[in-house]
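J.: Please read through the structure below; I'll follow up with questions.
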Amino acid sequence: MKNLSKVKDLTGKRFGRLTVIGIDEGKQTRKTYWLCQCDCGKISSHRSDGLISGSIRSCGCFKNELSAERVAKNHKHKQSGTRLYHIWQGMKSRCCTKTSPDYQRWGGRGIKMCDDWRDSFESFYEWAMESGYKDTLTIDRVDNDGDYTPDNCRWTTAREQSRNRRSNIPITIGNTTKTLTEWCEIFNLDYRMVNARYKRMEDGVISLDKLFKG
């Protein structure tokens, strides 16, 4: 158990909108937690390092207010009816809305949307414009198991995106690895036929001759 007598007392100190009212003795971890009362009236528990560093300034109400301001600002920009705005809404729905029919395939398996994009369409809009957005392109994650972040997203054609799906099968011939779709295009073979052969092969042993026979 932590020796609380050695912990610097923050009681009564103010951090942003938060006033420390006492130590949170219910959280006995390696870090020290403090009960704080926010100017909005809500009481919440926060780590001392977060308070002291300034990364925590409210119970969360300030972030909510800022998000509301950004949404209002974005509507003033008259972007709410655009294709790009719908793409942004779709990402939020897939990652954050548990009642969305697509949630299990994205948010349900741990895929998130970075805070900047989630809280601000304007931030996403700026990235999109700087990254070559066109109405003919779709947003694609480089790592299909990664989050929606600026460094993991790009704009691609629907054909390019289909090659990056989790369901695509990597096949190595010699020193070259391509998806099953790409090899079928190279050999001018029907993907559905070759995929069916792949699924029938047992014990994970792949015979290239049988797989790609004409």
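The values are calculated or read from the model by the stated rules, or taken from the named source; none is laboratory data. Not measured: the values here are computed from a predicted model. Using ideal geometry, Cβ is built from the backbone for each residue, glycine included, and neighbour counts are taken over all protein chains shown.
J.: Testing Trp88 on (1) modelled with pLDDT under 90; (2) assigned to a helix (DSSP H, G or I); (3) under 29 Å from Gly146 (Cα atoms), one condition comes back false. Which one is that?
T.: (1) is the only condition that Trp88 fails.
J.: At pLDDT below 75 and not in a helix (DSSP H, G or I): does that describe Arg165? Walk me through it before giving the result.
T.: Working: at pLDDT below 75: yes; not in a helix (DSSP H, G or I): yes.
Yes, satisfied.
J.: Ok, one more. Residues being among the β-branched types (Val, Ile, Thr) and modelled with pLDDT under 75: count how many of those fall in region 168-180. Steps first, answer last, please.
T.: Within region 168-180, the first condition is being among the β-branched types (Val, Ile, Thr), and the residues that meet it are 169, 171-173, 176-177, 179.
Now drop any that are not modelled with pLDDT under 75, which leaves 169, 179.
So the answer is 2.
J.: Which of the residues belonging to region 190-206 are outside any helix (DSSP H, G or I) and either of a type in the set (Val, Ile, Thr) or modelled with pLDDT of 70 or more (or both)?
T.: Asp190, Met201, Val205, Ile206
J.: Here's something else I'd like to know. Evaluate region 140-147: report whether one residue or more is basic (Lys, Arg), more than 19 Å from Gly107 (Cβ to Cβ), surrounded by 13 or more Cβ atoms within 10 Å (Cβ to Cβ) and modelled with pLDDT under 90.
T.: no
J.: Among the numbered criteria (1) surrounded by 18 or more Cβ atoms within 10 Å (Cβ to Cβ); (2) touching a residue at least 24 places away in the same chain (Cβ under 8 Å); (3) under 30 Å from Phe62 (Cα atoms), which single criterion is violated by Arg94?
T.: It fails just one condition, (2).
J.: May I pose another question? Go through region 1-59 residue by residue and tally those that are at positive phi, assigned to a loop (DSSP other than H, G, I, E, B) and modelled with pLDDT of 85 or more.
T.: 3
J.: Could you check how many residues of region 130-160 are of a type in the set (Phe, Trp, Tyr) and either in contact with a Pro (Cβ under 9 Å, 6 or more places away or on another chain) or part of a strand (DSSP E or B) (or both)?
T.: To start, the set of residues in region 130-160 that are of a type in the set (Phe, Trp, Tyr) comprises 133, 148, 155.
Next, from what is left, pick out any that are either in contact with a Pro (Cβ under 9 Å, 6 or more places away or on another chain) or part of a strand (DSSP E or B) (or both): 148, 155.
Number satisfying all stated conditions: 2.
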